[in-house]
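Engineer: Pasting a structure below so you can have a look.
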Amino acid sequence: MRRLLFLTVSLALTLAFSAACGDDDSTAKTPSRGASTTVATAPAATTTSAGASATATTKPATTPATDGTVDPLNPGQQTPWTVKSNPDPFNGVATVNALRMGLHPELGGWERIVFEFAGPELPPAVVQYVTKATSCGSGQPATVGGTEIFEVAMTSAQAHDAQGKATLPTQMTGPGGTVIAGGVSTCDFEGHVTWDFGFKGKHNFKVTTLTSPTRLVIDVKQ
């Protein structure tokens, strides 16, 4: 009888000890299939095709520099400048086939006017400030912006082709700088081509010539 009681008690203790070991917190648990898991990840950088982080930047639009660089040795002047023809003397008629303006940052900033010619010849010209701008055909005043009038007057030149079609516009706005407001054609008649430009103040200018193609270049100091 005592032996049977001892075996019963021993079995009960063994079962209790086994149940306690089954609840040990150190045992690794696998989450149930329906449980959700969260993985923390760093936000991916937006990249360009080169692999660099893309940063949107907007640069202000500017008129590009035109026809080379500005001569650093010439500070310019405000007195009239006479352009010598090539060849000299000049016996033909040169056709002006393009006019453009641009901005140059060199030496504190310049604004450039360029007349381009169809052939290699350069006609004579006078470049200067004038008190008024008038149309050579009618004698009527021409309207230009700004406070000063700057004139480029060529002889032995034309701004039209053999069929009489104009090769230049009748007027142009400035390049977007601080000096040249715009320009207007005031003459294309009997070998005379004249353009008058409105300047915002009287500024130094300098005149150079370029070849291939032949160009008359006027740089105006800002």
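Engineer: Provide, as a two-decimal number, the C-alpha radius of gyration of region 68-132 over 2.2 N^0.38 Å, N being how many residues it has.
Structural biologist: 1.30
Engineer: So how do D71, D188, D88 line up by other beta-carbon neighbours within 10 Å, fewest first?
Structural biologist: Ascending number of Cβ neighbours within 10 Å: D88, D71, D188.
Engineer: In whole Å and largest first, what semi-axes does the C-alpha gyration tensor of region 81-221 yield when each eigenvalue is scaled by 5 and square-rooted?
Structural biologist: Output for region 81-221: semi-axes of 23, 18, 13 Å.
Engineer: Let me ask something additional. Please sort 114-121, 178-185, 159-166 by packing, taking for each peptide the average over its residues of neighbouring beta carbons within 10 angstrom, highest first.
Structural biologist: 178-185, 114-121, 159-166
Engineer: Residue by residue, what Karplus-based ³J(HN,Hα) values in Hz, rounded to whole numbers, does region 191-197 have, using 6.51, -1.76 and 1.60 with θ = phi - 60° and x for Gly and Pro?
Structural biologist: Calculated HN-Hα couplings, in order: x, 10, 10, 10, 10, 10, 10 Hz.
Engineer: Would you mind ranking M154, M172, M101 so that the residue whose beta carbon has the fewest other beta carbons within 10 Å leads the list?
Structural biologist: Lowest to highest Cβ neighbour count: M172, M101, M154.
Engineer: Report the FRET efficiency, 1/(1 + (r/R0)^6), for N91 and A118, where r is their Cβ-Cβ distance and R0 is 22 Å, rounded to 0.05.
Structural biologist: About 0.85, to the nearest 0.05.
Engineer: If amide hydrogens are placed 1.01 Å from N in the peptide plane, which non-local residues have theirs closer than 5 Å to the one on A133?
Structural biologist: A142
Engineer: Given 0.36 nm per residue, what is the gain on full extension from Q140 to D161 after removing their alpha carbon distance, in nm?
Structural biologist: 5.0 nm
Engineer: Within 10 Å of each residue's Cβ, count the other Cβ atoms and sort I149, I218, I113 from fewest upward.
Structural biologist: So the residues, fewest neighbours to most, are I149, I218, I113.
Engineer: Another question, if that's okay. Set the Förster distance to 41 Å, then compute FRET efficiency between L210 and Y129 from the Cβ-Cβ distance, nearest 0.05.
Structural biologist: 0.95
Engineer: What is the mean projected area of the alpha carbon convex hull for region 98-158, to one decimal in square nanometres?
Structural biologist: 5.9
Engineer: Take the Cα gyration tensor of region 135-207, multiply each eigenvalue by 5, square-root it, and list the three semi-axes largest first, rounded to whole angstrom.
Structural biologist: After scaling each eigenvalue by five and taking roots: 23, 13, 12 Å.
Each value in this text was obtained by applying a stated rule to the coordinates, not by laboratory testing. Since we're looking at a predicted model, the values are computed, not measured. Positions of Cβ are backbone-derived with ideal geometry, glycine not excepted, and every protein chain shown enters the neighbour counts.
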